[in-house]
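The values are calculated or read from the model by the stated rules, or taken from the named source; none is laboratory data. Quick caveat, the model's predicted, so the values are computed rather than measured. Here the Cβ positions follow ideal geometry from the backbone for every residue, glycine too, while neighbour counts run over all protein chains shown.
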Amino acid sequence: KMIEKGEYKHFLHKEIHEQPKAIADTILGRLKFKGQNIWLEGIDTQKLKAINRVLIVACGTSFHSAMIGKQIIEEKAKIPVEIELASEFRYRNCILDKNTLVIGISQSGETADTIGALNSAKSRGMALLAICNAIDSAIARLCEDDAGIFYTRAGPEISVASTKAFTTQVAALHLLALTFAYLNKSLHKGEILKEIEKLKTIPKVIESVLACEKDIAKVAQNVASADHMLFLGRGILYPIALEGALKMKEISYLHAEGYAAGEMKHGPIALIDENMPVVVLAAKGQGYEKIVSNLEEVKARNGRVLVLCDKNDKKLIKRSDMNFLLPFCDSTILPFVAAIPLQLFAYHVALIRGTDVDQPRNLAKSVTVE
Ligand code: G6P
């Protein structure tokens, strides 16, 4: 079937706006209880029972969802999670034991390094699970007779830069974390059902952020001529900062770096001046007080600060030069909602800079060679 852009000028823009539906499709009806047993679509949950350690391998944007997944699984299920870039893992003799589950995350299911990493784990007898968007892809086939495949239901992603695949991967990781949490009794059924109800509110909250696109486009106008940009975050907003910076460099060719805000003092602070806009991602519960002081450090060096924060956070809004305002969201919903303004931001900067948004130079949708 031909996929059309419809009312949109670019697939990227269309796919950003498809996220409410993509996330709803990925969540709804996929995790259920059957008597005392938990059922996650596509997954052999019996195989997850003995798991006491998880290793996630992925590349690019999918690696950023792995970083978020680590935090969610550790928090909900209290299982230690390691994450490793597939291109590193495959050539390293990583320590594995039979109670470790290896998870591969991939939109396309065809990324050579992720396939290589999963094959290397398989040859060592490890249980494999895939989070994948493309049906019947190589990675899906590798895992189907093993612990299984959880398909994200983002629908076809055409734009080279990943958007809806990212947020649906994070949704998938949430459902997986809840499954682990039930199996090892970190959470009981009632708590899990409550979490699922929360996840169901995400599409609506995202709609309200998408509705602020005009404000985001204005911020883009003010900074599109910069040569460098820094994105800072803590906690669950740290991988979101990395993803925000990745989107920016991929589609606008503006050099952007994502950093854990606490590490700023160990390097990037040397770069700050009035010519380098700094995007500061802040939320209560994600090292809030610390990130406020990071913001002050940037301002003290004449940096321009673009703050992403709660729309009622008057203190931060007052201290910012420009802002991306979010509706109230708790930590479950936060990564989904915070990702959206940064995707739109990169898109509008790219439009102003006149790059090829859907097909950025030198990049491929799926990297099937090493
Ligand atoms: C390429 C794409 C990225 C993607 C990465 C991993 O670099 O341009 O958007 O995140 O591959 O792809 P995968 O299909 O494995 O998620």
Fill in the blank from the handout: When the range 101-118 is checked residue by residue, the ones that are within 16 Å of the chain's Cα centre (by Cα) and either farther than 16 Å from Gly69 by Cβ or more than 8 Å from the ligand (Cβ to nearest atom) (or both) are Ile103, Gly104, Ser108
Completion exercise
In the set Arg124, Arg153, Arg141, the lone residue that is more than 9 Å from the ligand (Cβ to nearest atom), touching a residue at least 60 places away in the same chain (Cβ under 8 Å) and of a type in the set (Lys, Arg) is Arg153
Exercise for the section: Can you tell me which residue within the range 41-100, out of those that are in a loop (DSSP other than H, G, I, E, B) and within 16 Å of the ligand (Cβ to nearest atom), is farthest from the chain's Cα centre (by Cα)? Expected result: Arg90
Exercise for the section: Being surrounded by fewer than 20 Cβ atoms within 10 Å (Cβ to Cβ) and under 19 Å from Arg153 (Cα atoms) narrows it down to one of Leu28, Leu40, so name that one. Expected result: Leu28
Handout entry: Subset of the range 353-370 that is within 13 Å of Cys59 (Cβ to Cβ) and more than 8 Å from the ligand (Cβ to nearest atom) - its residue that is modelled with the lowest pLDDT
Key = Glu370
Handout entry: Of the criteria (1) closer than 19 Å to Gln19 by Cβ; (2) outside any helix (DSSP H, G or I), which one Lys247 fails
Key = (2)
Exercise for the section: Residues being of a type outside the set (Asp, Glu) and either within 23 Å of Ala161 (Cβ to Cβ) or free of Cβ contacts under 8 Å to residues at least 24 places away in the same chain (or both): count how many of those fall in the range 295-332. Expected result: 14
Handout entry: Cross-chain or 6+ apart pairs with Cβ under 6 Å, the range 106-121 first and without any contact (Cβ under 8 Å) to a residue 12 or more places away in the chain, then buried (at least 24 other Cβ atoms within 10 Å of the Cβ) and of a type in the set (Ser, Thr, Tyr)
Key = none
Exercise for the section: Evaluate the following for Lys214: is it modelled with pLDDT of 95 or more, farther than 22 Å from Ser108 by Cα, in contact with a Ser or Thr (Cβ under 6 Å, 6 or more places away or on another chain) and surrounded by fewer than 24 Cβ atoms within 10 Å (Cβ to Cβ)? Expected result: no
Exercise for the section: Give the residues of the range 78-101 that are touching a residue at least 24 places away in the same chain (Cβ under 8 Å) and surrounded by fewer than 15 Cβ atoms within 10 Å (Cβ to Cβ), sorted by residue number. Expected result: Lys78, Pro80, Asp97, Lys98, Asn99
Fill in the blank from the handout: Filtering the range 326-367 down to residues that are buried (at least 21 other Cβ atoms within 10 Å of the Cβ) and of a type in the set (Val, Ile, Thr) yields Val337, Ile340, Val349, Val357
